[in-house]
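Shown next, in C-alpha coordinates, is the structure this report addresses.
The values are calculated or read from the model by the stated rules, or taken from the named source; none is laboratory data. As the structure is a computational prediction, the values presented were derived from the model and not from experiment. Quick reminder, even Gly has a Cβ in these numbers, built from the backbone with ideal geometry, and neighbours come from all protein chains shown.
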Amino acid sequence: MPYTFVPKEKHAKAYIMYPISEKSASVVCRAIKKKPLVRAKRLLEDLNSEKRSLQGKYYSKAVKYMLEALNSCEKNAYALGLDSGRLIVHASAHLGAATRRRRRKSAWGNRLKRAYIEIILIEKGKEAAKPVKKMKQIEAKEKKVEVSKPENIPKLEGGIKSEQ
(Lines give C-alpha, C1' and ligand atoms only; values in the text may rest on other atoms or scores of the structure.)
Protein backbone atom coordinates (compact mmCIF):
# COMPACT_ATOMS: atom_id res chain seq x y z
CA MET A 1 0.00 0.00 0.00
CA PRO A 2 1.23 3.52 -0.71
CA TYR A 3 1.70 6.14 1.98
CA THR A 4 -1.23 8.45 2.72
CA PHE A 5 0.75 11.49 1.55
CA VAL A 6 4.27 12.59 0.68
CA PRO A 7 5.41 15.64 2.67
CA LYS A 8 7.30 18.50 1.01
CA GLU A 9 9.72 18.79 3.94
CA LYS A 10 12.53 16.38 4.79
CA HIS A 11 11.09 13.21 6.33
CA ALA A 12 11.70 9.60 7.37
CA LYS A 13 9.14 6.79 6.97
CA ALA A 14 8.26 3.40 8.39
CA TYR A 15 5.42 1.21 7.10
CA ILE A 16 4.81 -2.11 8.87
CA MET A 17 2.04 -4.70 9.14
CA TYR A 18 1.33 -6.07 12.63
CA PRO A 19 -1.12 -8.61 14.08
CA ILE A 20 -3.18 -6.04 16.00
CA SER A 21 -6.66 -4.60 15.80
CA GLU A 22 -7.02 -1.75 13.31
CA LYS A 23 -9.45 -0.02 15.67
CA SER A 24 -7.06 0.10 18.63
CA ALA A 25 -4.15 1.05 16.35
CA SER A 26 -6.20 3.98 15.01
CA VAL A 27 -6.95 5.23 18.53
CA VAL A 28 -3.25 5.21 19.44
CA CYS A 29 -2.31 6.86 16.13
CA ARG A 30 -4.78 9.69 16.74
CA ALA A 31 -3.24 10.23 20.18
CA ILE A 32 0.32 10.70 18.88
CA LYS A 33 -0.44 12.44 15.57
CA LYS A 34 0.96 16.00 15.14
CA LYS A 35 3.02 15.74 18.31
CA PRO A 36 6.78 16.23 18.60
CA LEU A 37 8.77 12.99 18.64
CA VAL A 38 9.79 13.31 22.30
CA ARG A 39 6.20 13.80 23.54
CA ALA A 40 4.82 10.98 21.37
CA LYS A 41 7.50 8.58 22.61
CA ARG A 42 6.86 9.53 26.23
CA LEU A 43 3.10 9.00 25.79
CA LEU A 44 3.64 5.53 24.28
CA GLU A 45 6.07 4.55 27.03
CA ASP A 46 3.61 5.73 29.71
CA LEU A 47 0.80 3.73 28.06
CA ASN A 48 3.07 0.68 27.89
CA SER A 49 3.96 0.92 31.59
CA GLU A 50 0.27 1.71 32.41
CA LYS A 51 0.99 5.11 33.97
CA ARG A 52 -1.52 6.79 31.63
CA SER A 53 -4.56 5.59 29.72
CA LEU A 54 -6.51 6.55 26.61
CA GLN A 55 -10.28 6.55 27.12
CA GLY A 56 -9.79 4.31 30.18
CA LYS A 57 -7.80 1.69 28.24
CA TYR A 58 -4.09 0.99 27.86
CA TYR A 59 -4.12 -0.61 24.37
CA SER A 60 -1.04 -2.57 25.44
CA LYS A 61 -0.60 -4.72 22.32
CA ALA A 62 -1.07 -1.82 19.89
CA VAL A 63 1.20 0.44 21.95
CA LYS A 64 3.97 -2.19 22.04
CA TYR A 65 4.04 -2.48 18.25
CA MET A 66 3.58 1.26 17.72
CA LEU A 67 6.58 1.99 19.95
CA GLU A 68 8.64 -0.51 17.95
CA ALA A 69 7.65 1.17 14.66
CA LEU A 70 8.36 4.65 16.06
CA ASN A 71 11.85 3.60 17.18
CA SER A 72 12.49 2.17 13.72
CA CYS A 73 11.39 5.40 12.07
CA GLU A 74 13.55 7.42 14.47
CA LYS A 75 16.60 5.38 13.43
CA ASN A 76 15.72 6.04 9.78
CA ALA A 77 15.58 9.78 10.53
CA TYR A 78 18.96 9.60 12.25
CA ALA A 79 20.44 7.81 9.23
CA LEU A 80 19.07 10.53 6.93
CA GLY A 81 20.61 13.23 9.12
CA LEU A 82 17.38 14.89 10.28
CA ASP A 83 17.35 17.15 13.35
CA SER A 84 15.72 15.10 16.13
CA GLY A 85 14.52 18.21 17.98
CA ARG A 86 12.36 19.33 15.04
CA LEU A 87 10.62 16.04 14.17
CA ILE A 88 6.81 15.92 14.16
CA VAL A 89 4.96 12.56 14.09
CA HIS A 90 2.37 11.66 11.47
CA ALA A 91 0.83 8.26 12.26
CA SER A 92 -2.04 6.35 10.72
CA ALA A 93 -3.40 2.80 10.74
CA HIS A 94 -5.23 0.92 7.99
CA LEU A 95 -6.98 -2.42 7.79
CA GLY A 96 -4.49 -5.14 6.82
CA ALA A 97 -4.75 -7.99 4.38
CA ALA A 98 -7.37 -10.59 5.27
CA THR A 99 -5.80 -13.81 6.48
CA ARG A 100 -7.83 -16.76 7.62
CA ARG A 101 -6.97 -19.68 9.80
CA ARG A 102 -8.45 -23.07 9.20
CA ARG A 103 -11.38 -23.89 11.43
CA ARG A 104 -13.71 -26.84 11.36
CA LYS A 105 -17.12 -26.20 9.73
CA SER A 106 -16.46 -22.49 9.16
CA ALA A 107 -16.48 -21.75 12.85
CA TRP A 108 -16.61 -18.17 14.08
CA GLY A 109 -13.39 -16.25 14.41
CA ASN A 110 -11.45 -17.61 11.50
CA ARG A 111 -10.25 -14.16 10.33
CA LEU A 112 -7.03 -12.88 11.91
CA LYS A 113 -6.66 -9.24 12.86
CA ARG A 114 -4.02 -7.31 10.89
CA ALA A 115 -3.25 -3.62 10.66
CA TYR A 116 -0.85 -1.59 8.55
CA ILE A 117 0.89 1.07 10.60
CA GLU A 118 2.38 4.07 8.84
CA ILE A 119 4.67 6.46 10.70
CA ILE A 120 6.28 9.49 9.07
CA LEU A 121 8.62 11.80 10.97
CA ILE A 122 8.54 15.23 9.33
CA GLU A 123 11.21 17.83 10.04
CA LYS A 124 9.25 20.94 10.99
CA GLY A 125 9.20 23.29 13.90
CA LYS A 126 11.54 26.08 14.90
CA GLU A 127 15.20 25.98 13.93
CA ALA A 128 17.65 26.03 16.77
CA ALA A 129 18.78 29.60 17.34
CA LYS A 130 22.50 30.19 16.92
CA PRO A 131 24.14 31.57 20.06
CA VAL A 132 24.94 35.29 19.84
CA LYS A 133 28.37 34.81 21.41
CA LYS A 134 29.50 32.45 18.64
CA MET A 135 28.21 34.80 15.93
CA LYS A 136 30.27 37.68 17.39
CA GLN A 137 33.39 35.46 17.44
CA ILE A 138 32.86 34.48 13.79
CA GLU A 139 32.42 38.12 12.74
CA ALA A 140 35.60 39.09 14.63
CA LYS A 141 37.61 36.38 12.82
CA GLU A 142 36.29 37.55 9.45
CA LYS A 143 37.43 41.13 10.17
CA LYS A 144 40.93 40.01 11.19
CA VAL A 145 41.56 38.08 8.00
CA GLU A 146 42.76 40.61 5.44
CA VAL A 147 44.69 39.76 2.32
CA SER A 148 47.86 41.83 1.96
CA LYS A 149 49.84 42.11 -1.28
CA PRO A 150 53.55 41.44 -0.95
CA GLU A 151 55.47 44.43 -2.31
CA ASN A 152 59.09 43.50 -1.60
CA ILE A 153 59.33 40.31 -3.65
CA PRO A 154 62.14 40.52 -6.23
CA LYS A 155 61.16 39.79 -9.81
CA LEU A 156 63.24 37.43 -11.86
CA GLU A 157 64.41 38.83 -15.16
CA GLY A 158 64.93 36.47 -18.04
CA GLY A 159 63.29 33.47 -16.40
CA ILE A 160 64.97 30.20 -15.46
CA LYS A 161 68.07 29.24 -17.46
CA SER A 162 69.03 25.63 -17.95
CA GLU A 163 72.62 24.54 -18.12
CA GLN A 164 73.59 22.27 -21.01
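Results, tabulated for the structure shown:
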item	result
Matching option when the condition is touching a residue at least 40 places away in the same chain (Cβ under 8 Å), crowded, with 16+ Cβ neighbours inside 10 Å and not charged (D, E, K, R), among Tyr3, Tyr65	Tyr65
Residue list for segment 21-52, restricted to those being within 16 Å of Ala115 (Cβ to Cβ), outside any helix (DSSP H, G or I) and modelled with pLDDT of 95 or more	Lys33
Boolean, Tyr15 is in a loop (DSSP other than H, G, I, E, B) and among the hydroxyl-bearing types (Ser, Thr, Tyr)	no
Output for segment 6-20, where each listed residue is hydrophobic (A, V, I, L, M, F, W, C), surrounded by 13 or more Cβ atoms within 10 Å (Cβ to Cβ) and either within 11 Å of Ile117 (Cβ to Cβ) or free of Cβ contacts under 8 Å to residues at least 12 places away in the same chain (or both)	Ala14, Ile16, Met17, Ile20
Residue match in segment 60-74 (condition: part of a helix (DSSP H, G or I), at pLDDT 90 or above, within 15 Å of Val28 (Cβ to Cβ) and among the β-branched types (Val, Ile, Thr))	yes
Residue among Ser92, Ser84 that is in contact (Cβ under 8 Å) with a residue 60 or more places away in the chain, under 18 Å from the mean Cα position of the chain (by Cα) and surrounded by 12 or more Cβ atoms within 10 Å (Cβ to Cβ)	Ser92
